Amino acid sequence: MCGIVGYIGKRDVAPLLLEGLQRLEYRGYDSAGVVITGPKATGLKMVKAKGRVRDLEAKVPARFKGTTGIAHTRWATHGAPSDENAHPHMDATGKVAVVHNGIIDNADDLRAKLTADGVEFASETDTEVLVHLVARSQAETLEERVREALRLIEGTYGIAVLHADFSDRIVVARNGSPVVLGIGDKEMFVASDVAALVSHTRQVVTLDDGEMATIKADDFRTYTTSGTRTTASPTTVEWEAESYDMGGHDTYMHKEISEQPDAVDRVLRGRIDDRFSTVHLGGLNLDPREARKIRRIKILGCGTSYHAGLIGAGLIEELARIPADAEPASEFRYRNPVVDPDTLYVAVSQSGETYDVLAAVQELKRKGARVLGVVNVVGSAIARETDGGVYVHAGPEVCVVSTKCFTNTVTAFALLALHLGRIRDLSVSDGKRVIEGLRRLPGQIQEILKQEDEIKKLAKRYAEAKSMMFIGRVRGYPVALEASLKLKEISYIHAEAYPASELKHGPLALIEPSLPTVAIIPNDDLLEKNRAALEEIKARSGQILAVAHQEQEKADHTIVVPKNEPELDSILMGIPLQIFAYHTALALGRDIDKPRNLAKSVTVE
């Protein structure tokens with residue numbers, strides 16, 4: 001969840017590390033730190049600070065020179081945000097420094113044993129346990145010292161280790177938290193995310209779980225935690241450094257909302273087959289005979305990805321007529337689920353590294369299930385662990401909250417549903433109809449974006465609400481869930497989402513003039529039932545903001561969106577509510593790209 005950056009070469013390392021940390025600020029964090037050394041250094045030099053990277057940069061002295069270093073942005077799991085709890089952590093001698101993403105599950109037991117042996121701890125973190133374990137090892141090489149320490153560790157980690165006595169190298173390891181090596185010209189980089197690397201190199205090696213690496217200025221080698229050498233071939237990152245810039249926008253979120261017409265065009269490009277009114281998804285590794293044998297589809301995701309999965313399940317049932325449902329991966333993996341060989345499992349993750357989703361994939365694979373991935377990041381852990389899948393091609397998403405990746409993920413599910421439907425019983429005419437609808441999406445999204453000024457006025461009007469209700473029915477309910485989440489994440493306004501049909505079963509008790517309701521009202525066969533829900537709210541003096549295909553008489557305000565095919569309307573109806581959440585948060589002065597307490601890629605439990 002936090003960020004790791006490391007470098008070894010000939011350049012002045014501190015500016016490189018600070019730049020890398022700035023590239024990773026979008027992941028969410030509460031403190032930052034950097035430690036450096038070099039061939040002529042007598043030891044390690046460290047600076048840490050609670051707060052933002054700019055606070056750390058202000059504390060770095062002018063004479064802070066070195067050619068090797070590691071740095072970190074921390075998202076608190078053990079111990080409150082403070083200078084002491086910030087990474088890197090060092091041992092008492094000042095020779096060993098470690099940065100760590102993840103959670104050490106047996107940290108309390110190890111801390112107690114180390115304390116009994118006379119070790120004094122300087123922080124409340126679980127990571128400091130690992131530092132002392134490495135420092136106490138008497139092995140001849142740094143690699144073996146790290147391996148000895150990791151044998152005692154239970155939990156997840158992505159780590160980078162620096163040792164004053166082995167200043168020609170950095171040792172890294174991965175188990176459940178991403179670690180990426182960047183290959184340069186007589187220099188090497190390491191990071192938890194390629195965003196920190198792409199301005200210097202696009203040649204990367206992604207470590208697998210249970211894998212370690214040693215990087216030197218002119219070389220690297222990979223091996224397992226037991227010491228067996230592994231073969232790692234660099235791949236080329238497809239995204240340019242400019243993809244991570246704001247591009248003239250005030251925030252990344254605004255930029256990413258505005259990028260959605262192009263992003264949706266990318267996920268469609270090269271996949272539509274007009275001749276047979278279907279789509280090509282070669283990465284599925286699923287032939288027609290296997291596809292026809294599928295009896296059920298289970299979609300697993302967390303947060304926004306779970307909501308995309310809910311819409312995806314509806315699309316699959318409507319177009320392919322295969323029973324489908326979605327479930328939070330964080331719940332699925334703990335309930336000893338029955339794994340059916342006739343069920344196709346689909347794992348959804350923007351980063352491809354979400355730990356709860358990855359752990360669910362690994363458990364399913366252990367039980368013999370077939371698992372597909374729907375992810376954005378090529379070469380990510382979930383993409384590598386699954387049997388096949390669909391890349392959503394949204395491009396880098398820097399803001400902590402997801403917008404364009406959600407839209408592209410739902411569009412990718414529409415492609416998957418159409419593909420499976422045409423293999424089964426979906427008619428040529430329906431296939432053609434859905435394809436025409438997909439092609440209209442980019443232009444219709446652009447139409448919605450042109451309404452931003454009007455939506456901004458509405459957001460300012462509702463920004464003083466202490467709580468809001470979001471409702472939708474069938475296709476509209478997952479849209480309501482996602483819109484509710486967006487508002488919570490960046491404005492900190494409490495919001496609830498319910499099926500519109502459930503209002504009379506309890507939530508109506510909350511309705512009053514001070515509680516606005518946002519209603520998703522597509523012009524489909526449930527239009528009149530949705531209008532009846534508006535009647536119930538107005539009868540109790542509730543305010544209503546409708547998102548609909550036409551003005552709603554009972555609503556106080558209506559955001560009108562273009563009409564597409566009924567199956568695809570959900571893709572469009574969520575976009576004005578992204579804009580609404582954005583401008584509500586802006587009116588309240590929130591830090592939109594880095595909302596409090598949240599991180600972009602949740603790689604811990």
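The values are calculated or read from the model by the stated rules, or taken from the named source; none is laboratory data. Please read all numbers here as calculations on a predicted model, not as lab measurements. Heads up, the Cβs are rebuilt from the backbone with ideal geometry, glycines too, and the neighbour counts pull from every protein chain shown. Calculation scope for accessible area: heavy atoms of the full protein, side chains included, ligands and nucleic acids excluded. Shrake-Rupley method; radii C 1.70, N 1.55, O 1.52, S 1.80 Å.
Give the shape of region 43-112 as rounded, prolate or oblate, defined through the alpha-carbon gyration tensor: a ≥ b ≥ c are the square roots of its eigenvalues, a/c under 1.5 means rounded, and otherwise the shape is prolate if a/b is larger than b/c and oblate if not.
Details: a/c = 2.34, a/b = 1.45, b/c = 1.62.
Judged from the Cα gyration tensor, region 43-112 comes out oblate (a/c at least 1.5, b/c at or above a/b).
Using a Förster distance of 25 Å, how high is the FRET efficiency between ASP245 and ASP273, based on the Cβ-Cβ distance and rounded to 0.05?
FRET efficiency, ASP245 to ASP273: 0.10.
For a quick check: with amide H placed at 1.01 Å from N, whose amide H comes under 5 Å from THR517's, ignoring anything fewer than 5 positions away on the same chain?
Those qualifying (amide H under 5 Å, at least 5 residues apart or on another chain) are MET469, GLN543, ILE544, LEU545.
Using the Karplus curve 6.51 cos²θ - 1.76 cosθ + 1.60 with θ = phi - 60°, work out ³J(HN,Hα) for each residue of region 386-397 in order, rounded to whole Hz, and write x for Gly and Pro.
Rounded to whole hertz, the list is 7, 7, x, x, 10, 7, 8, 6, 7, x, x, 10.
Go ahead and run the numbers for FRET between ASP108 and VAL339, Cβ-Cβ distance against an R0 of 35 Å, rounding to 0.05.
Numbers: r = 33 Å, r/R0 = 0.95.
It comes out at approximately 0.55.
In what sequence, highest mean first, do 39-49, 398-408, 352-362, 54-64 appear when ranked by Cβ atoms within 10 angstrom? List each step's numbers first, then the result.
Values: 39-49: 17.1, 398-408: 27.0, 352-362: 25.2, 54-64: 13.5.
The densest-packed peptide leads the list: 398-408, 352-362, 39-49, 54-64.
Assuming R0 = 51 Å, can you tell me the calculated FRET efficiency for the pair GLU331 and ARG63, based on Cβ-Cβ distance, to the nearest 0.05? Numbers along the way, then the final one.
Working: r = 52 Å, r/R0 = 1.03.
Calculated value: 0.45.
Per-residue counts of other Cβ atoms within 10 Å, averaged by peptide: what ranking do you get for 509-518, 561-570, 3-12, highest first? Show your work: numbers first, answer last.
On the way: 509-518: 17.1, 561-570: 20.6, 3-12: 24.3.
Ranking, from highest mean packing down: 3-12, 561-570, 509-518.
Given the chain, what percent of its DSSP beta bridges are antiparallel, to the nearest 5? Walk me through the numbers on the way to the answer.
Numbers: 61 of 100 bridges.
In the chain, approximately 60 percent of DSSP beta bridges are antiparallel ones.
For region 430-469, what does the accessible surface come to per residue with a 1.4 Å probe? Please give it in Å². Before the final figure, lay out each step's value.
Working: 2170 Å² over 40 residues.
Dividing the accessible area of region 430-469 by its residue count gives 54 Å².
Sticking with the crude label model, points 7 Å out along Cα→Cβ, report the distance from ASP525 to LYS365 in nm, one decimal please.
Distance between label points: 4.1 nm.
Find the relative contact order for region 294-417 and round it to a whole percent, using C-alpha pairs within less than 8 Å whose residues are 6+ positions apart. Please list the in-between numbers first.
Numbers: 259 pairs, mean separation 32.2, N = 124.
Answer for region 294-417 is 26 percent.
Which of the residue pairs LYS365/LYS488; LYS529/LYS563; LYS45/LYS404 have a Cα-Cα distance greater than 29 Å in the structure shown?
Values: LYS365/LYS488 34 Å; LYS529/LYS563 19 Å; LYS45/LYS404 41 Å.
The answer is LYS365/LYS488; LYS45/LYS404.
Quick check on packing: order 183-193, 588-598, 309-319 by the mean number of other C-beta atoms within 10 Å, highest mean leading. Don't skip to the end; give the middle numbers.
Numbers: 183-193: 21.8, 588-598: 16.1, 309-319: 24.3.
The densest-packed peptide leads the list: 309-319, 183-193, 588-598.
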